[in-house]
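The values are calculated or read from the model by the stated rules, or taken from the named source; none is laboratory data. The shown structure was predicted, so the numbers you read here are calculated from the model rather than taken from an experiment. Neighbour counts run over all protein chains shown; Cβ positions are idealised from the backbone, glycine included. Keep in mind that these areas ignore ligands, DNA and RNA; they rest on the heavy atoms of the full protein, side chains included. Shrake-Rupley method; radii C 1.70, N 1.55, O 1.52, S 1.80 Å.
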Amino acid sequence: MLKEKDILDEKVKLLRKKSQLVTFPLSKDDKKLIKDATEYLRKSQDEEYAKEHNIRGGMGLAFVQLGVLKRIFVISYKHDDGNFEEYVVINPKIISHSEELIYVEEGEGCLSVNRDVEGIVPRYARVTVEYKDIDGKTIETRAREEISVAFQHEIDHLDGILFVDKIDKKNPFNNEENMRPI
Ligand code: NI
């Protein structure tokens, strides 16, 4: 079972490193970490559990945030009906994207960034991502809106980039009129 303290804070330099391509089959440890990370995200989105354990809700977690430099991340997004939309994503590549840009109006969040950060993080409204699943099978997903943001946020992690790096320091709301808030 993962704990909040297992997730690296932005101050840790490892988060700035590029993660390595993964070969198949996955190790038992990697499979376990995928399971644990997914479970952590699910629980973090359970309001009662999150409050009780004083943890923040998150919908994505990359292996590098757990100290493992492999190109793997998980997404778990809780819909209003309580169902989870989930992805295990390995060695991803964005193969196409929309022209349209969006940004998360209330600000993007990250389980490694333990402070409020204002400003626009420009993201493509839609992306098509090719990746391997847990069994090494090639998958192509067309992601939209929140899920599109999550894929781009997590892919950035694999390249050592945090969302705060993408905010214009001098003018955090620069270019706002050319993007759609979500
Ligand atoms: Ni993050």
Requested in this report: Restrict the check to segment 154-171 and report whether at least one residue is of a type in the set (Gly, Ala, Ser) and surrounded by 12 or more Cβ atoms within 10 Å (Cβ to Cβ).
Outcome: yes
Report summary line: In the set 21, 33, the lone residue that is of a type in the set (A, V, I, L, M, F, W, C) and either surrounded by 15 or more Cβ atoms within 10 Å (Cβ to Cβ) or within 15 Å of the ligand (Cβ to nearest atom) (or both) is 33
**Report entry** Subset of segment 70-84 (residues that are away from the ligand (no atom under 15 Å from the Cβ) and surrounded by 14 or more Cβ atoms within 10 Å (Cβ to Cβ))
**Finding:** 70, 78, 84
Query raised in the report: Considering only residues of segment 104-138 that are under 27 Å from residue 173 (Cα atoms) and acidic (Asp, Glu), which is nearest to the chain's Cα centre (by Cα)?
Result: 108
Report task. Determine which single condition residue 23 fails, assuming it passes every other condition in (1) within 17 Å of the chain's Cα centre (by Cα); (2) under 17 Å from residue 158 (Cβ atoms); (3) not charged (D, E, K, R). Result -> (1)
Report summary line: Checked 104, 113 against criteria (farther than 20 Å from residue 20 by Cβ, of a type in the set (Val, Ile, Thr), within 16 Å of the ligand (Cβ to nearest atom) and open to solvent by 10 Å² or more (accessible area, probe 1.4 Å)); the one match is 104
Query raised in the report: Can you tell me how many residues in segment 128-160 are in contact (Cβ under 8 Å) with a residue 40 or more places away in the chain and within 16 Å of the ligand (Cβ to nearest atom)?
Result: 14
Query raised in the report: Which of the residues spanning segment 116-127 are under 21 Å from residue 91 (Cα atoms) and within 12 Å of the ligand (Cβ to nearest atom)?
Result: none
